[in-house]
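Can you keep this structure in mind? I'll have questions shortly.
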Amino acid sequence: LMVFKTKILKNTAKNISLTADLLKRKKIVGIPTETVYGLAGRADNDTVVKNIYKIKNRPYYNPLILHYKSNNDALNDIFYDERALELAKNFWPGALTIVARIKNKYISKIATADLKTLAIRVPSNKTIRSLLMQLNFPIAAPSANRYGKVSPTSAIDVLDELKNKIPIILDGGSSTLGIESTVVDLSSNKTKILRHGCLSNSEIEKVLNCKLESTKNKKR
């Protein structure tokens, strides 16, 4: 992996465009989201995705969450049903990740840990939304920390964790939520919670009008 002199960039239109350009050129960057800061790279490129795993020291069996600019784009990449439509309508953009069977083949298989499912969300943070609007691909963006460490909620946190490993960190201020997204698995007829996060089970159950099954908390 390359060594960089990592820079924190102010949240300006010019710097958002610069970050978009780096992502297009297959670089990996630190970006703000409303939940925690993410380590972002294009999700359609094996080398980029592999490097995300390497920088994080994350095991390859652990799939990544993909971030999309719109509900439409996100839902296009999965086989979805009424549950996904309801959740997207109520909670996107926002701190909910949906796991469903993958439909589109352009996503790197490394990002999905070679599973038949895909984890997707549409973030609400203004900075990442402006960034995504300049891209024609989704970005894989797990939390910008080494595996097993505390998820970062500011640009300085990311610098502490990943100094010299990435070229830039886009500073979007402190993450408003500071907790990861809730992950819901819709890949079978059962609706399961894979990770507890910002959204409570009861909020999701109310929208879907069904009881959620809990599984062991998985780190995504």
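The values are calculated or read from the model by the stated rules, or taken from the named source; none is laboratory data. Nothing here was measured: the structure is a model prediction, and the numbers come from that model. All Cβ positions, even for glycine, are placed from backbone atoms using ideal geometry, and neighbour counts span all protein chains on display. Protein only, heavy atoms only, side chains kept; ligands, DNA and RNA dropped before computing areas. Shrake-Rupley method; radii C 1.70, N 1.55, O 1.52, S 1.80 Å.
Return one number: the angle in degrees, 0 to 90 and rounded to the nearest 10, between the long axis of the Cα atoms of helix 13-24 and the longest principal axis of the Cα atoms of the chain.
Around 80 degrees separate the two axes.
I'd like to check one number: the per residue accessible area of region 13-65, probe 1.4 Å, reported in Å² as a whole number.
Here the per-residue accessible area is 37 Å².
What FRET efficiency comes out for the pair VAL3/ASP114, r = Cβ-Cβ distance, R0 = 25 Å, nearest 0.05?
Once the sixth-power term is evaluated, E becomes 0.25.
Please identify the longest segment of the chain free of exposed chymotrypsin sites (Phe, Trp or Tyr not before Pro), where exposed means a DSSP state other than H, G, I, E or B and no more than 14 other Cβ atoms within 10 Å.
My reading of the result: 148-220 is the longest stretch.
Against the longest alpha carbon principal axis of the chain, how many degrees, from 0 to 90 and to the nearest 10, is the axis of helix 46-56 turned?
Compared with the principal axis, the helix lies near 80 degrees.
Rounded, prolate or oblate: pick one for region 101-183, where a ≥ b ≥ c are the square roots of the eigenvalues of its C-alpha gyration tensor, a/c under 1.5 means rounded, and failing that, prolate if a/b is larger than b/c, else oblate.
prolate
Per residue of region 132-144, in order, report the coupling 6.51 cos²θ - 1.76 cosθ + 1.60 (Karplus, θ = phi - 60°) as ³J(HN,Hα) in whole Hz, putting x for Gly and Pro.
4, 4, 8, 10, 10, 8, x, 10, 7, 8, x, 4, 8
Taking the solvent-accessible surface of protein heavy atoms with a 1.4 Å probe, what is the per residue accessible area of region 117-220 in Å²?
47
Please list, in chain and number order, the residues 5+ apart from SER124 or on another chain whose amide H is under 5 Å from its amide H, with Hs placed from the backbone.
Answer set, sorted by chain and number: GLU34, GLY94.
Determine the principal axes of the Cα atoms in region 81-219, then give the extent along each, sorted from largest to smallest and rounded to whole angstroms.
So the three principal-axis extents are 45, 32, 29 Å.
Accessible area of the chain with a 1.4 Å probe: how many percent of it is carbon plus sulfur?
On the chain, the fraction of accessible area on carbon and sulfur atoms equals 50 percent.
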